[in-house]
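*Asks:* Let me begin by handing over the structure; questions about it come next.
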Amino acid sequence: MSVVFVENNLEGKPQPGQFVMVWVYGVDEIPMAISHFDTTRIGITVNEVGECTKALRNVREGESIGLRGYFGKGFTTSASKALLIGGGVGIAPLTYLSNVLVREGAEVVVCFGVKSGDELTLVEDVKGRKMIATEDGSQGVKGTVIHLLDLDFEKFDRIYCCGPEKMMFEVFKRVCEYGMLEKCEFSLHRYFKCGMGVCGSCCIDPHGWRVCKEGPIFRGDEL
Ligand code: FES
């Protein structure tokens, strides 16, 4: 995982959880979450999983890439005590979210899990109290982020989750047990083509919601 900083020529300020479409010329256009933001640049966290992310990771300073956005519905940021749960590259939008929440005065606890300590690229940029799990045990608790969740969820007024779907389903079940689905927000992933609600390639059944438009952030009670 590494952070690529891109000159920001988009208008306005993104909500945490919104995404941009990044066009690597001659390769492809892919959706990317925003992990860092200031008025002059956007940081996107890249996990090399395909041709386009590989090409993006190899972009050199001064080279051009295309940027469209900001798209989708972001996380709500009105929380006084927030729990952020991230797995793998799912920590990217939560990094930006943790910065916004702390700046607005919220108390923030962040639980995140990765395969090995080498993937903890963002740890310094995450704000709040951090709890870490690594599958190889090289840092923090040995296991997945689920092993960190022996917490009283009722102490939090907002829970945010982003990561692999299997992991989010585990979190969903826990939140369900606490009867807190309406206080929990999940970031869903689907194949995005247009990113702006036109092509229908990201619809989820049975609602037909477009993840790029009605999401990617959904409350637990909507799912
Ligand atoms: S990606 Fe085209 S409608 Fe969502």
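*Asks:* Could you say whether any residue in the stretch 69-84 is farther than 26 Å from Arg210 by Cα and of a type in the set (Val, Ile, Thr)?
*Replies:* Among the residues of the stretch 69-84, not one is farther than 26 Å from Arg210 by Cα and of a type in the set (Val, Ile, Thr), which makes the answer no.
*Asks:* Within the stretch 2-26, which residues are surrounded by 14 or more Cβ atoms within 10 Å (Cβ to Cβ) and on the phi > 0 side of the Ramachandran plot?
*Replies:* Within the stretch 2-26, Gly17 is the sole residue that qualifies.
*Asks:* If you don't mind, another one. Please work out which residue is nearest to Ile34 (Cα to Cα), limiting yourself to the stretch 122-139 and to residues that are open to solvent by less than 60 Å² (accessible area, probe 1.4 Å), of a type outside the set (A, V, I, L, M, F, W, C) and touching a residue at least 24 places away in the same chain (Cβ under 8 Å). Give the steps one after another, and end with the answer.
*Replies:* Of the stretch 122-139, the ones open to solvent by less than 60 Å² (accessible area, probe 1.4 Å) are 122-123, 125-126, 128, 131-134, 137.
Going one step further and asking which of them are of a type outside the set (A, V, I, L, M, F, W, C), we end up with 125, 128, 134, 137.
Remaining after also requiring touching a residue at least 24 places away in the same chain (Cβ under 8 Å): 125, 128.
On the way: Asp125: 13, Gly128: 18 Å.
Among those that are open to solvent by less than 60 Å² (accessible area, probe 1.4 Å), of a type outside the set (A, V, I, L, M, F, W, C) and touching a residue at least 24 places away in the same chain (Cβ under 8 Å), it is Asp125.
*Asks:* Which one of Lys13, Lys73, Lys54 is more than 14 Å from the chain's Cα centre (by Cα) and under 22 Å from Phe218 (Cα atoms)?
*Replies:* Working: Lys73 fails: more than 14 Å from the chain's Cα centre (by Cα); Lys54 fails: under 22 Å from Phe218 (Cα atoms).
That would be Lys13, the only listed residue that is more than 14 Å from the chain's Cα centre (by Cα) and under 22 Å from Phe218 (Cα atoms).
*Asks:* Are there any pairs with C-beta distances below 7 angstrom linking a residue in the stretch 51-66 that is free of Cβ contacts under 8 Å to residues at least 12 places away in the same chain to a residue that is in a loop (DSSP other than H, G, I, E, B), with the two at least 6 apart or on different chains, and if so which?
*Replies:* Lys54/Glu48
*Asks:* Quick check, is Gly195 touching an Asp or Glu at 6+ places or on another chain (Cβ under 9 Å), in contact (Cβ under 8 Å) with a residue 12 or more places away in the chain, surrounded by fewer than 15 Cβ atoms within 10 Å (Cβ to Cβ) and outside the structural domain of Gln18 (by TED's automatic domain parsing)?
*Replies:* Spelling it out, it is not the case that Gly195 is touching an Asp or Glu at 6+ places or on another chain (Cβ under 9 Å), in contact (Cβ under 8 Å) with a residue 12 or more places away in the chain, surrounded by fewer than 15 Cβ atoms within 10 Å (Cβ to Cβ) and outside the structural domain of Gln18 (by TED's automatic domain parsing).
*Asks:* Among the residues of the stretch 172-192, which ones are more than 10 Å from the ligand (Cβ to nearest atom) and open to solvent by less than 70 Å² (accessible area, probe 1.4 Å)? First the steps, then the outcome.
*Replies:* Residues of the stretch 172-192 more than 10 Å from the ligand (Cβ to nearest atom): 172-189.
Phe172, Val175, Cys176, Gly179, Met180, Leu181, Cys184, Glu185, Phe186, Ser187, Leu188 - these are the residues of the stretch 172-192 that are more than 10 Å from the ligand (Cβ to nearest atom) and open to solvent by less than 70 Å² (accessible area, probe 1.4 Å).
*Asks:* For the stretch 79-111, name all the residues that are in contact with a helix residue (DSSP H, G or I) (Cβ under 6 Å, 6 or more places away or on another chain) and over 17 Å from Cys184 (Cβ atoms).
*Replies:* Passing the criteria: only Thr95.
*Asks:* Shifting gears a bit: How about the stretch 198-222: which of its residues are open to solvent by less than 30 Å² (accessible area, probe 1.4 Å) and within 7 Å of the ligand (Cβ to nearest atom)?
*Replies:* Just the residues of the stretch 198-222 that are open to solvent by less than 30 Å² (accessible area, probe 1.4 Å), to begin with: 202, 204, 211-212, 215-218, 220.
Once the filter is applied, which keeps residues that are open to solvent by less than 30 Å² (accessible area, probe 1.4 Å) and within 7 Å of the ligand (Cβ to nearest atom), the stretch 198-222 yields Cys202, Val211, Cys212.
The values are calculated or read from the model by the stated rules, or taken from the named source; none is laboratory data. Owing to the predicted nature of the structure, the values given are computational and were not obtained by experimental measurement. We place every Cβ from the backbone using ideal geometry, glycine too, and count neighbours over all the protein chains shown. For accessibility, only protein heavy atoms count, side chains too; no ligands or nucleic acids. Shrake-Rupley method; radii C 1.70, N 1.55, O 1.52, S 1.80 Å.
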